[in-house]
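The structure appears below as structure tokens.
Only the coordinates and a few stated rules stand behind these numbers; no lab work does. Only a predicted model underlies this, so the values are computations on that prediction, with no experimental measurement involved. Note that we place each Cβ from the backbone using ideal geometry, even for glycine, and neighbour counts take in every protein chain shown.
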Ligand SMILES: C[S@@+](CC[C@H](N)C(=O)[O-])C[C@H]1O[C@@H](n2cnc3c(N)ncnc32)[C@H](O)[C@@H]1O
């Protein structure tokens, strides 16, 4: 239905259905992962809501500008990270308006993946970069300067790569001869370190995912974004999170567990964990919503997507002492 910039947003029909189901027809919606603007555009087209789009990538601004031309004061864009949402909304007093939904569509965009100069793809020849914000430490620095142990830990912890040790060993051997500069070079080094025939999924997939997650501090960022949703969503407002792999999904699930009072929240190691806290969110999707077979046929990338939805209750935030307005 939505072909803004010829980009097919994942699970957008299901998100629109839920906005409708929870009677979110006006007020403010935060699109925390603006990307190519697919979600923002669909929401602006199908509701009377205002949309605040956030994205850390400076390259998305040109797409945001197009949407601004179309929707003027119903749309605002902020080139900010999840960890800056709290500060941005607080400083500008945007939080005075009722924030009725906050939506995260995690991971990289097609814009990032398909541009070889960004260095996200192991299929395109590009520099080892992978920085969504185009600031900070690059994949090159990690690959060429981190110890073998540190590299193994990154590949294992963020990519579940069972051959993390042999991959890191191979990297260290290669970089003794010359620095590893390109994505294709790195992908080949990774593939050679992993035994067995070529699989359906490229052998470089997990290590590339791990490096990207580390470079962009993705899990910490996500956690901070979710905390902002608890703080700013109005009572009965909804949180929608689309994740693409188990690490992201686990952060969302654990966050919601804590907000249910089901998981113990450790405020300090010197204090006993707080228990029996009131629930700040009611989980709407006991099991995540998955894309339909039709959607997967049209958009292969959607095959691993999982959408979780939770509704903000009237109770105080568990992470920060705020009540939903
Ligand atoms: C999968 S894309 C979103 C696509 C978007 N829903 C659409 O329909 O066009 C994810 C976007 O989130 C952004 N992003 C990822 N982590 C972020 C963070 N911590 N803070 C802000 N933006 C982030 C990326 O830069 C990327 O543009």
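The simple spin-label model puts a point 7 Å past each Cα toward its Cβ; for residue 110 and residue 87 those points are separated by 3.3 nm.
Scale the Cα Rg of segment 134-215 by the rule-of-thumb value 2.2 N^0.38 Å and send over the ratio, two decimals. It would help to have the intermediate numbers written out before the result.
Details: Rg = 11.7 Å, N = 82, 2.2 N^0.38 = 11.7 Å.
This ratio for segment 134-215 stands at 0.99.
Placing pseudo-labels 7 Å out from each Cα toward the beta carbon at residue 153 and residue 201 gives an inter-label distance of 2.4 nm.
Taking the longest Cα principal axis of the chain as reference, the axis of helix 164-177 is set at about 60 degrees. Per residue, the chain reaches -12000 deg cm²/dmol at 222 nm when only DSSP H runs of four or more residues are counted, each adding -39500 (n - 2.57).
Three semi-axes describe the equivalent ellipsoid of segment 40-121; taken as square roots of 5 times the Cα gyration tensor eigenvalues and ordered largest first, they are 24, 16, 12 Å. Compactness of segment 50-184 was expressed as the Cα radius of gyration divided by 2.2 N^0.38 Å, which yields 1.34. Note on the chain: GNM, Cα springs under 10 Å; of 159, 196, 261, the largest mean-square fluctuation is that of 196.
Viscosity 0.890 mPa s, temperature 25 °C: what is the translational diffusion coefficient of the chain from Stokes-Einstein with a Kirkwood Rh over Cα pairs, rounded to a whole number of µm²/s?
118 µm²/s
As I understand it, the value is the acute angle between the Cα axis of helix 218-232 and the longest principal axis of the Cα atoms of the chain; what does it come to in degrees, rounded to 10? Computed tilt is about 0 degrees. Angle between the Cα long axis of helix 148-159 and the longest principal axis of the chain, 0 to 90 degrees, nearest 10? So the helix axis and the longest Cα principal axis differ by about 40 degrees. The calculated FRET efficiency for residue 262 paired with residue 178, based on their beta-carbon distance and R0 = 56 Å, is about 0.60.
Label positions at residue 135 and residue 293, each projected 7 Å from the Cα along the C-beta direction, are separated by 4.7 nm.
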